[in-house]
Every structure is written in C-alpha cells, then in structure tokens.
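Heads up, the thing below is written out as structure tokens.
Quick note: the coordinates plus some simple rules give every number you see, no bench work behind them. Everything numeric in this text was worked out from a predicted model, so none of it was measured. We place every Cβ from the backbone using ideal geometry, glycine too, and count neighbours over all the protein chains shown.
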Amino acid sequence: MNTSVDKVTAAVTVTVLRLDGDLDASSYEQLIEAGRKAVDAGAHHVLVDLRKVPFMGSSGLVAFHTIALLLAGEVPPDLEGGWNAHHAMQRSVEAGTQTHLQLLGPAPSVRKALERTGMSRFIPIHEDEAAAIAAFA
Amino acid sequence: MATHPDGRLPVVTATRSLHLPEARQEDLRAIRAFVGDAARSLGAQDAVADDVVQAVDESATNVIRHGYRGMPGRLEVAVERDGPDLIVAIRDDAPPFDPTDFVIQDLDTPLAGRRPGGFGIHLTRTCVDRVTHTGRAPAGNELILIRRLEHPTQERTT
C-alpha cells in the first residue's frame, strides 16, 4: 500500500491521507504512521481517502481508531495494544459521533466491513471529496 | 478434503488448495487472491467471494499474527464446493485457539460498553454461515468456514 498526503484548505484545513492498495495487517501501520505525522505537524482534521483501497481487514479499523485517538489528544496504546484498542474510542463515542476523522469512498466490501463492525456509526463516510471536506467545517 | 460439520460426506465437485510452509503477514495478499479466484471458479458471485475472502483474511491474520506471534509457520487453505456451499478449510500448527468460543459484541452497544478487540473474529463470523474449529494437542488448528453460494449478503450484520 502507498500513502500520500495532501492538505486542502476550505473552512478548515483538512489533511487528506490518500491510500493506494490493500489495507491489511501488513500495511495498517503505515496508515497509523502517516496519521501520527499529520497530527504531530498540527493536523486537527483528517480525511482518509479509501477510493483506491480494494480490500480492508479489521486491522484497518485499528488504524482508524488510533488516528481518531491521536486527533482527540489521547495517547494511543502501542501497536500491539492498538490491536485491542477499540474500547479506547469510548469518550468520543459517548460524546456522539466524532468528526475529526472521516472517510472517503470505501469500496462496497470495505463499507460492508465498516458497517458490520458498527464503525460506520461513529466515523462519517462520504462518497464525494468536496462534500467530505465541507463536512469538517 | 474437509468433512462437513453435519457429518455427511461432502459432494465435492472441485478443490483448490494453497500450502504455505512459512506463512507471513506479507503472504496475506496472495492468500486473498487465491481464495477470491478459487471461490469464483467454484461458482461464487463477487459479493459472496468478497465475503469469503474477508473471512479467510481475518482468520489467516489471527493465525499469523497471534497464533505464530509473527514468526513464519505452516498455513494451508483449501476451498471446496459442496453442492450449494463453499467450504474453506484453514489448517495451521499454531497453539489451539477456538474463535467460535469468542462472544460476539452487541453492535447496538456503544463501543464504551464493548469488549475490546475481536473485530476480526466478528467479521469472520458475519461473512460466512458457519464456523467450526478443531484443535490438536499440543498444537494445530483446523478452521472450517461454510458459506452458502446463494445467500443474500446485505443484511448480514450479526
């Protein structure tokens, strides 16, 4: 999987992490690292572009959780702990759907995985990039 | 040949198998490609093949990452057609672990109330119709995943 980073400034500045390739157990750490670098550089809003991700395993969910935690100012567990970190999103979930992390254009099978695990309930999903960027405002 | 959990002899029309003597995380992509191709060649439509691929990826990831703790280890994946069913057998030499014992989380419960982790097992169980596990002492597992070919997929959330 390849990862590239864009910044789009509208009402707010959104860091767009564009993925190309399968997001699985062998690649999810790349996404976490890209998210970590973005947050370290001051990002408050991250859009993960999944339009070129044909497959996502549950490890992709761990990456989303970890990035959301970073954006919320939480200290995520280490990567092994991150595998079991789903519960750590509780503060954001209890407060409602978090909006600092959003997703763009998941393939049908990827969307299905998000829905089957309930993740789609608290990570907004968009099909259109302009609409996704506007949703951060 | 995998034995159907009902005990009946499978009416196997074809079998595809993949043997990895030293499976690693980097092999997951090849495993997915093999399973997707095998499922389609045995009559699965794309949505069904995608479900089977997801289930096998999650199971294989658990074996490689947790069973073998990242060290290379034997992994065998066999895909068969048994009448209306696809049957996938995943065999390894890792310490016995039965994913069917895992309690599925209630998706209506906020994550705050959920047991941490386990989405891989959850996905496996929601993507197929039946999962059975047989462990061997002191090490080794056979996981059988059964997916009906004609089953609708859209409502499969539990």
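Determine, for A:112, A:37, the number of other Cβ atoms within 10 Å of each Cβ, and report the residues in order from fewest to most. Write down the numbers at each step before the final one.
Numbers: A:112 24, A:37 14.
Ascending Cβ contact count within 10 Å gives the list A:37, A:112.
Compute from the Cα atoms of the stretch B:14-148 the Rg and the Dmax, the latter being the longest Cα-Cα distance, and quote both in angstrom.
For the stretch B:14-148, the Cα radius of gyration and maximum Cα-Cα distance read 14.5, 45 Å.
Let me know the mean shielding of A:46-55 by other chains, meaning the per-residue number of their Cβ atoms within 10 Å of its Cβ. Before the final figure, lay out the partial values.
Working: counts 0, 0, 0, 0, 0, 0, 0, 0, 2, 9.
Neighbouring Cβ atoms belonging to other protein chains average 1 per residue here.
Going Cα to Cα from residue A:112, which lysines come in below 27 Å? Please leave out same-chain ones fewer than 8 positions away.
A:52
I'd like the mean, over residues of A:19-25, of how many other protein chain beta carbons sit within 10 Å of each residue's own Cβ. Before the final figure, lay out the partial values.
On the way: counts 0, 0, 1, 4, 0, 9, 12.
Mean partner shielding for this stretch: 4.
Taking other Cβ within 10 Å of each residue's Cβ, how do B:100, A:9 sort, fewest first?
Least to most surrounded, the residues fall as A:9, B:100.
Give the aspartates and glutamates whose C-alpha is closer than 16 Å to that of residue A:37, dropping any in the same chain fewer than 8 places away, or say none.
Within the straight-line cut-off, residue A:37 pairs with A:6, A:29, A:74, A:78.
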